[in-house]
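One structure below.
The values are calculated or read from the model by the stated rules, or taken from the named source; none is laboratory data. As the structure is a prediction and not an experimental result, all values here were calculated from the model. Here Cβ is always computed from backbone atoms with ideal geometry, including for glycine, and neighbour counts include all displayed protein chains.
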Amino acid sequence: MDIYKLKSSFIHPRYWLAWIGILILFLSSLLPYSTILNIGKYLGRLAIPFAKKRFHTARRNIELCFPELTPEQVDQKVKTNFENTGIALLEMGMAWFWPSWRVRGLLTVRGIEHLKQATRQGNGIIFLGAHFLTLEMGARALGLIHPSYAVYRKNSNEVLDYWFYWGRMREHKAMLDRKDFKAMLRVLKTGQALWYAPDHDYGRHKSSIFAPFFDVENANTVSGTSTLARVKNSVVIPVFLKRLPGSEGYELIFYEALSDFPSQDLKADTTYTNQQIERMVSECDDQYMWLHRRFKTRPEGEPSVY
């Protein structure tokens, strides 16, 4: 596990833009919550003409997943998703710089009984997560309720990577590189909790499998949840953070532990975890990360959906 420290090299001019961005996030975090929301929505709407490729990606993802929607309904969902993306940008400042009492003041919890049951039994817990736009605030919220280990992907910019790491470490025990599967197994074997999100398309590799996701028959999905759950006395509990309407704050939601999981059928297991993520997304689909090219990897012979 890497130990992240400030380095003298961080003052190099190539990092100045990153530092300016971090300063803006810090200053915005001092504003009232309602003001942060309004500015975030405005930034999201403002970004649409300058992010046509991302707009197309989000639109195509929503079309594929929800074919029953009209073109007008799809466009409205994409616009709302961009507004939530703008809020998510400013939420990074909130997640990194807010004191714990301020986060708690906006947080409610649903389904805590599922977590308490697992902790009473001394289980290793796999928190099945997903890439919602509330990801950064979700890390703070989950850590306040149950400090855990989390899996993450390093940022190529060292300064941003430093802040992403320490921002997510505000309440948690450690961050584990998504390629360090052995470290994940060690966490579970010692009866601790691990946050893991298998819903991004990282291309073809040995731990990916094609499984249905909403109306997309073959979504390239990381199958690692099933492998991790094979650690003795481990349970899988879906969890996500939902931003509530207006300025009401956030709801951290725990679902019941997956039953009869894992099985001997890897595709069935991956389909099952995708169904849990579908269930989460259905509660607040405008807050899911539709801007990611979720279906970029296709089975052999299939053309790109984008």
Can you tell me which residue within the stretch 240-250, out of those that are surrounded by fewer than 20 Cβ atoms within 10 Å (Cβ to Cβ) and among the charged types (D, E, K, R), is farthest from Val109 (Cα to Cα)?
Glu248
Give the residue that is surrounded by the most Cβ atoms within 10 Å (Cβ to Cβ), with candidates limited to residues of the stretch 280-296 that are assigned to a loop (DSSP other than H, G, I, E, B) and of a type in the set (Phe, Trp, Tyr).
Trp290
Please list, ordered by first then second residue, the pairs with beta carbon atoms under 7 Å, 6 or more apart or interchain, first in the stretch 101-120 and loosely packed, with under 14 Cβ neighbours inside 10 Å, second of a type in the set (A, V, I, L, M).
Arg110/Ile253
Taking the criterion of being out of contact with any His (no Cβ under 7 Å at 6 or more places or on another chain), exposed (fewer than 12 other Cβ atoms within 10 Å of the Cβ) and of a type in the set (Lys, Arg), would at least one residue in the stretch 51-60 satisfy it?
yes
Could you grab me the full set of residues in the stretch 190-210 that are in contact (Cβ under 8 Å) with a residue 40 or more places away in the chain and either under 15 Å from the mean Cα position of the chain (by Cα) or buried (at least 21 other Cβ atoms within 10 Å of the Cβ) (or both)?
Ala193, Leu194, Trp195, Tyr196, Ala197, Pro198, Asp199, His200, Asp201
Can you tell me which residue within the stretch 78-100, out of those that are in contact with an Asp or Glu (Cβ under 7 Å, 6 or more places away or on another chain) and surrounded by 20 or more Cβ atoms within 10 Å (Cβ to Cβ), is farthest from Leu291 (Cα to Cα)?
Ala95
Name the residues in the stretch 202-223 that are assigned to a loop (DSSP other than H, G, I, E, B) and either of a type outside the set (D, E, K, R) or at pLDDT 95 or above (or both), would you?
Tyr202, Gly203, His205, Ser207, Phe214, Asp215, Ser223
Considering the stretch 270-302 alone, what residues qualify as being under 27 Å from Phe50 (Cα atoms), out of contact with any helix residue (DSSP H, G or I) (no Cβ under 8 Å at 6 or more places or on another chain) and of a type outside the set (A, V, I, L, M)?
Cys284, Lys296, Thr297
Based on this model, can you work out whether Arg186 counts as among the basic types (Lys, Arg), without any contact (Cβ under 8 Å) to a residue 12 or more places away in the chain and surrounded by fewer than 17 Cβ atoms within 10 Å (Cβ to Cβ)?
yes
Only listed residue being surrounded by 13 or more Cβ atoms within 10 Å (Cβ to Cβ) and in contact with a Gly (Cβ under 7 Å, 6 or more places away or on another chain), chosen from Ile277, Ile237, Ile253
Ile253
Looking at the stretch 123-134, can you tell me whether even one residue there is touching a residue at least 24 places away in the same chain (Cβ under 8 Å), crowded, with 21+ Cβ neighbours inside 10 Å, over 15 Å from Val236 (Cβ atoms) and polar (S, T, N, Q)?
yes
Note down all Cβ pairs under 6 Å where the first residue falls in the stretch 143-163 and is closer than 27 Å to Ser8 by Cα, the second is of a type in the set (Gly, Ala, Ser) and in a helix (DSSP H, G or I), and they're at least six residues apart or on different chains.
Asn157/Ala18; Val159/Ala18; Leu160/Ala18
